[in-house]
2 protein chains.
Amino acid sequence: MFQDFETTADPSKGPARLAALRAEMAREDLAGFIVPRADAHQGEYVADADKRLAWLTGFSGSAGFCIALAEEAGVFVDGRYRNQVRGQVDLDAFTPVNWPETQPGAWLAERLERGARIGFDAWLHTAGEIEKIEAALDGTGIELVTTDNLVDRIWSDQPVPPGGDMRAHPIDFAGVSHADKRADLARTLRAAGSRAAVLTLSDSIAWLLNIRGNDIPHIPIVQGFAILHDDARVDFYTHPGRSAGIGTHFGPEVSLYPEVRFDAGLVELDGPVRVDKANAPLAVSRMLAAAGIEVAWGDDPCILPKARKNPAELDGARRAHLRDAAAVVEFLTWYDATAHAGTLTEVDLVVELESQRRASGALRDISFETISGSGPNGAIMHYRVSRESNRTLGRGEIVVLDSGGQYDDGTTDITRTLPVGPVGPEEKTCFTRVLQGMIAISRARFPKGLAGRDLDPLARYPLWLAHLDFNHGTGHGVGSYLSVHEGPQRLSRLGEVALDPGMILSNEPGYYRDGAFGIRIENLIAVTPAVRPEGGDDREMLAFETLTFVPIDRRLVVTEMLSTGERDWLNAYHAEARAKVGPLVSDAARAWLEKACAPI
Amino acid sequence: MFQDFETTADPSKGPARLAALRAEMAREDLAGFIVPRADAHQGEYVADADKRLAWLTGFSGSAGFCIALAEEAGVFVDGRYRNQVRGQVDLDAFTPVNWPETQPGAWLAERLERGARIGFDAWLHTAGEIEKIEAALDGTGIELVTTDNLVDRIWSDQPVPPGGDMRAHPIDFAGVSHADKRADLARTLRAAGSRAAVLTLSDSIAWLLNIRGNDIPHIPIVQGFAILHDDARVDFYTHPGRSAGIGTHFGPEVSLYPEVRFDAGLVELDGPVRVDKANAPLAVSRMLAAAGIEVAWGDDPCILPKARKNPAELDGARRAHLRDAAAVVEFLTWYDATAHAGTLTEVDLVVELESQRRASGALRDISFETISGSGPNGAIMHYRVSRESNRTLGRGEIVVLDSGGQYDDGTTDITRTLPVGPVGPEEKTCFTRVLQGMIAISRARFPKGLAGRDLDPLARYPLWLAHLDFNHGTGHGVGSYLSVHEGPQRLSRLGEVALDPGMILSNEPGYYRDGAFGIRIENLIAVTPAVRPEGGDDREMLAFETLTFVPIDRRLVVTEMLSTGERDWLNAYHAEARAKVGPLVSDAARAWLEKACAPI
């Protein structure tokens, strides 16, 4: 199993570790020290060696930070983790803080006097992040100072950083060679007048060099830093000796160096050097500036081309999604054939689903830990089932099942909501409204130039009409055998980047009733040029190609609520799912598919 | 008639006037001079005395500017006026420039050498506008310098500025006394640490002081400048002797001064003084700065409270809209009873419609010049019918009729699209899609905090599905017996201000097929708190109250295209129109209304 169900939090060790940290703070004459969840690569998952926040506080969420002061230690967490943090930290030692409502600068300014110095590790914070805190502290006399990482000093059994083999990502899947990608980005740099760009995001480097690895769970990246020169050469700084299996993949224009030489590589550069303020560690720009090298702030140049999938990547995504759909259909066949109400648990669903994906023989990893939330657990948007929280499915409930697979040819992410026996009208009505929003996005055609923000309301409108809504974005970008959450595109009020052909997004409206039930329906979709129909305007428009083909449970649909267009879409979708996935599944699953895809 | 149909453009006089302007430029050692369409109050309409751009160039559009250089004179106009400008200016003397694609700074930098000086009148440009041009000229050595208005020097028969009587806007319509408004805004200023605010927008002053006038067409304002002090006193600088009819309306806390004393009033202030960079003439902030008075940039404090209509204003709007609807229904009755195809012209419709509004006895003015576009003229979004452009309605065509009235209790704005005899399926299909978008906004319910940008896509989605769209916003804010275009709220990609209860907006999606036909359907709507229905979330949501009640032509609706919800909305709307407007119209119109409002 890629997934486990252990409860990792251990609040008991926090107080002693906090005391040890405070001793180090006193030694450095610091009034405080910031311990972020992030590592130097600002990714969604971190290696065990980088789990400083969890080690210190017990809090294991995917975002947040702790600011330890002499008398108080604030653990800043967002809305997803307000409940979780209270179960994971010792509340006598740590104080949960509602973030981003409370900002670190304001929190510090309220608690400290002029002259106070707050330490932080310049490798674990971006320039933009520190700039924002410093702006809030302007005039307070409180100072942020870079220091050693004080947690690393006291963490005696800190794990070693990842150092496993890397492997080449074949051109059949990548679509473009790393030489061509490097040449293309080098042209971008020259056009912008920059001599080099510093790359610190692991998925940017994996994309650019067409490599994959196993440094962290669920995202097949290789940790390291890279410098892209304006002549298309790349210096890649990573843990030594891990390129054994990669043969001649890199060629003479890509040089490997041990990570410890990165600092030296930086200060030898000619400026201007592009650095991404939103992603690069502050240490990078500080070091360049100290060496008198001009920093040109600008986006990591890999981000946009990585987001716009090329034809080979889109073909791979289609294949990966059909393979994944076949596994999910086998799972659904098993689910309907098994006496589930009062018998199966949330964990049982996760185990069966992962085993069906493994049976394909192509599963590299799961894309993220499967969310399996029945009844009231379904209303917890980022629910992680553990042995302790595990529930037996109850008759009349619904279950949200959000999961995905990592395959060489693509990353999948799918959510289906399933009935546990006969379900009441309230759940069905809400499910149908969620489905209407999901269909609105699937069918959308829209002028080129619009961003995700401009489409997000379409997914909510059917819910809004009934005074309902959901508190998350409608969709996120998805990588190509990379991160399941990939920017810059997103279907959300925060999505300000124009959608471009090739971008893959999730389409996952939901509805959550606290203490009662949760609903989410999710397909992945790819942005594609819209073909102008007879009578259409002479204007460039885009549309979405659906990638995910798994039946949507018709038992939860109130047919009369659907418009003709919505019903036509659903029937066409099911017909396509039957045609595409039918040939890939067992006889039993094919029979199940036939019924699940019948027109309504 | 408030409307005329004359062609005001006279391209023949431009060259001589341009030569005279160039002589003045030479005398001042200027390489160029900027002549904007705007006056010092940045309103939509300007008085005859301020029509400098039209006088110089012949161009009569509602936005744009001319930059006269020694050898070239660019007339900068936006997309609405690309064709019109070519008919109105002498193209041997003036060069149309596509604005905002071409920005004045870049245009100047391409044409002039270091050391060149460009003159402008600091009363006719905002600080923000000049700041933007200066930023573009940074490093070019080209300088913007404030000068006398050189057009005024050579315009020997320049009309006198408006100076007619002002009148009090009764509290029954205004809802809040000017004393309470002043006290409220003074608190805002004190909370922000400002000692005073400079008000230069005419509708802000009219709103704050509860006054109305006739200085310019269609917007009942009184031109002048005002200073609001943090103790709630107001100094109002305007043309002398025009408050004769206003009696004791102002009281001791509002002082009137001649406009020529405004400069002196400004430099006597204690700072900080709030000035709106987007609206106030640059002359204001320059004068304050020169006198050593601190300028606090900030929004004109009247804008938001003016936009959020109070209960009396909303009641007034409801009354004004029913009165206006009765007039429009009489017009529509006349239209259907008259042999129109091949007989009536666009002008005939305008004349009849205005006369029906006048018959109410309450019409103060029309809100803007009625747009009456038949057949291909309907596709010209801002079409103004003149004796020359006037067309006879042709059988099988459709006509767009966009009009409004100014009444003491409210400002109306309504568009209906009418068939001229039997209409083809293409027009009907497009009309139905426009109607679906208009209904989507009318029915919308949405979380508090959203802006117009977040709702605009809902009005376009039914068109998008057929690869269609329209090139204007879905709606604009509307004043209360003030400007028919009032910010800051709008339903548009540019609408970033959160919608608040009381705000009035137009809801007017359209569709335009060049050379063929135009469609627009427009109601006014007011933002209102949404009542939580049984089963709704415990979250604050807003909705729209419809203000306009005039039947939408059922002969243009393809019923089968509507969803159940859309059809229900249309039938309920028509039932309400019949119930509300029926008692206000003639017997003939009541009979017409009965048929026009029958359910579909």
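The values are calculated or read from the model by the stated rules, or taken from the named source; none is laboratory data. Source: prediction; values computed, not measured. Reconstructed Cβ throughout: ideal geometry from the backbone, glycine too, with neighbour counts over all protein chains shown. Each accessible area value is taken on the protein alone, full model and side chains, heavy atoms only, with ligands, DNA and RNA left out. Shrake-Rupley method; radii C 1.70, N 1.55, O 1.52, S 1.80 Å.
Taking the criterion of being under 22 Å from residue B:125 (Cα atoms), of a type in the set (Val, Ile, Thr) and either at pLDDT below 95 or assigned to a loop (DSSP other than H, G, I, E, B) (or both), the only residue of segment B:152-180 that qualifies is B:160. Determine whether residue A:571 is within 14 Å of another protein chain (Cβ to nearest Cβ) and polar (S, T, N, Q). No: the conditions fail for residue A:571. The numbered conditions (1) farther than 15 Å from residue B:321 by Cβ; (2) out of contact with any His (no Cβ under 9 Å at 6 or more places or on another chain); (3) of a type in the set (Ser, Thr, Tyr) are all true for residue B:492 except (2).
Of all the criteria given as (1) within 14 Å of chain A (Cβ to nearest Cβ); (2) open to solvent by 20 Å² or more (accessible area, probe 1.4 Å); (3) among the hydrophobic types (A, V, I, L, M, F, W, C), the one not satisfied by residue B:497 is (1).
Hey, could you check segment A:335-344 for residues that are surrounded by 17 or more Cβ atoms within 10 Å (Cβ to Cβ) and not aromatic (Phe, Trp, Tyr) and say which is nearest to residue A:593 (Cα to Cα)? Before you say what the answer is, go through the steps one by one.
Pass one, segment A:335-344, residues surrounded by 17 or more Cβ atoms within 10 Å (Cβ to Cβ): A:335, A:340, A:344.
From what's left, not aromatic (Phe, Trp, Tyr): A:340, A:344.
On the way: A:340: 19, A:344: 22 Å.
The selected residue is A:340.
Hey, could you check segment A:276-291 for residues that are outside any helix (DSSP H, G or I) and small (Gly, Ala, Ser) and say which is surrounded by the most Cβ atoms within 10 Å (Cβ to Cβ)? The extreme case among them is A:280. Note on segment A:557-568: among residues that are more than 10 Å from every other protein chain (Cβ to nearest Cβ) and of a type in the set (D, E, K, R), the one that is surrounded by the fewest Cβ atoms within 10 Å (Cβ to Cβ) is A:568.
Condition check ((1) without any contact (Cβ under 8 Å) to a residue 60 or more places away in the chain; (2) polar (S, T, N, Q); (3) farther than 30 Å from residue A:412 by Cα) across all residues:
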site	(1), (2), (3)
A:189	no, no, yes
A:197	no, no, yes
A:200	no, yes, no
A:211	yes, no, no
A:246	no, no, no
A:251	no, no, yes
A:259	yes, no, yes
A:292	yes, no, yes
A:295	yes, no, yes
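Residue-by-condition table, conditions (1) within 16 Å of residue A:155 (Cβ to Cβ); (2) part of a strand (DSSP E or B); (3) open to solvent by 10 Å² or more (accessible area, probe 1.4 Å):
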| residue | (1), (2), (3) |
| --- | --- |
| A:30 | no, no, yes |
| A:33 | yes, yes, no |
| A:42 | no, no, yes |
| A:45 | no, no, yes |
| A:55 | yes, no, yes |
| A:67 | no, yes, no |
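Filtered by the rule that a residue be part of a helix (DSSP H, G or I), surrounded by fewer than 22 Cβ atoms within 10 Å (Cβ to Cβ) and not aliphatic (A, V, I, L, M), segment B:302-313 gives B:305, B:311.
Does residue B:526 count as open to solvent by 10 Å² or more (accessible area, probe 1.4 Å), part of a strand (DSSP E or B) and among the aliphatic types (A, V, I, L, M)? Outline the logic, then answer.
Working: open to solvent by 10 Å² or more (accessible area, probe 1.4 Å): no; part of a strand (DSSP E or B): yes; among the aliphatic types (A, V, I, L, M): yes.
Criteria not met by residue B:526.
The criterion of at least 1 residues that are buried (at least 21 other Cβ atoms within 10 Å of the Cβ) and away from every other protein chain (no Cβ under 13 Å) is met by the following strands (runs of 3 or more DSSP E) wholly inside segment A:398-486: A:398-403, A:405-407, A:414-419.
If you scan segment B:459-481, which residues turn out to be of a type in the set (Phe, Trp, Tyr) and either more than 17 Å from the chain's Cα centre (by Cα) or under 14 Å from residue B:429 (Cα atoms) (or both)? Step through it out loud before you land on a result.
So in segment B:459-481, the residues of a type in the set (Phe, Trp, Tyr) come out as B:461, B:464, B:470, B:481.
Across segment B:459-481, the qualifying residues are B:461, B:464, B:470.
Does residue A:231 count as charged (D, E, K, R), touching a strand residue (DSSP E or B) at 6+ places or on another chain (Cβ under 9 Å), in a loop (DSSP other than H, G, I, E, B) and more than 22 Å from residue A:168 (Cα to Cα)? Break it down stepwise before answering.
Values: charged (D, E, K, R): yes; touching a strand residue (DSSP E or B) at 6+ places or on another chain (Cβ under 9 Å): no; in a loop (DSSP other than H, G, I, E, B): yes; more than 22 Å from residue A:168 (Cα to Cα): yes.
No, not satisfied.
A count restricted to segment A:115-151 and to residues that are in a helix (DSSP H, G or I) and closer than 28 Å to residue A:212 by Cα stands at 1.
Taking residue A:93 as the residue in question, decide whether it is touching a residue at least 24 places away in the same chain (Cβ under 8 Å) and closer than 26 Å to residue A:115 by Cα. I'd like the intermediate steps shown before the answer.
Values: touching a residue at least 24 places away in the same chain (Cβ under 8 Å): yes; closer than 26 Å to residue A:115 by Cα: yes.
Yes.
The listed residues are B:532, B:590, B:513, and the only one of them that is of a type in the set (Lys, Arg) and within 28 Å of residue A:559 (Cβ to Cβ) turns out to be B:532. Just wondering, is there one or more residues in segment A:257-272 that are part of a strand (DSSP E or B), under 29 Å from the mean Cα position of the chain (by Cα), surrounded by fewer than 19 Cβ atoms within 10 Å (Cβ to Cβ) and of a type outside the set (Ser, Thr, Tyr)? Yes, the conditions are met somewhere in segment A:257-272. Only residues that are open to solvent by 40 Å² or more (accessible area, probe 1.4 Å) and assigned to a strand (DSSP E or B): list them for segment A:234-256, please. Residue satisfying the conditions is A:256 alone.
Within segment A:500-523, the set of residues being surrounded by 19 or more Cβ atoms within 10 Å (Cβ to Cβ) and either within 12 Å of chain B (Cβ to nearest Cβ) or at pLDDT below 95 (or both) comprises A:511, A:512.
Modelled with pLDDT of 95 or more and outside any helix (DSSP H, G or I): does that describe residue B:226?
Numbers: modelled with pLDDT of 95 or more: yes; outside any helix (DSSP H, G or I): yes.
It is true that residue B:226 is modelled with pLDDT of 95 or more and outside any helix (DSSP H, G or I).
Just one of B:554, B:539 is within 12 Å of chain A (Cβ to nearest Cβ) and either open to solvent by 60 Å² or more (accessible area, probe 1.4 Å) or without any contact (Cβ under 8 Å) to a residue 40 or more places away in the chain (or both); which is it? So that I can check it myself, show each step before the final result.
Details: B:554 fails: within 12 Å of chain A (Cβ to nearest Cβ).
Result: B:539 is the single residue among B:554, B:539 that is within 12 Å of chain A (Cβ to nearest Cβ) and either open to solvent by 60 Å² or more (accessible area, probe 1.4 Å) or without any contact (Cβ under 8 Å) to a residue 40 or more places away in the chain (or both).
Of the residues making up segment A:352-368, not a single one is closer than 26 Å to residue A:514 by Cα and free of Cβ contacts under 8 Å to residues at least 40 places away in the same chain.
Rundown of residues vs (1) at pLDDT below 95; (2) in a helix (DSSP H, G or I); (3) open to solvent by less than 30 Å² (accessible area, probe 1.4 Å), yes/no style:
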residue: A:293; (1), (2), (3): no, no, yes
residue: A:300; (1), (2), (3): no, no, yes
residue: A:315; (1), (2), (3): no, yes, no
residue: A:321; (1), (2), (3): no, yes, yes
residue: A:329; (1), (2), (3): no, yes, yes
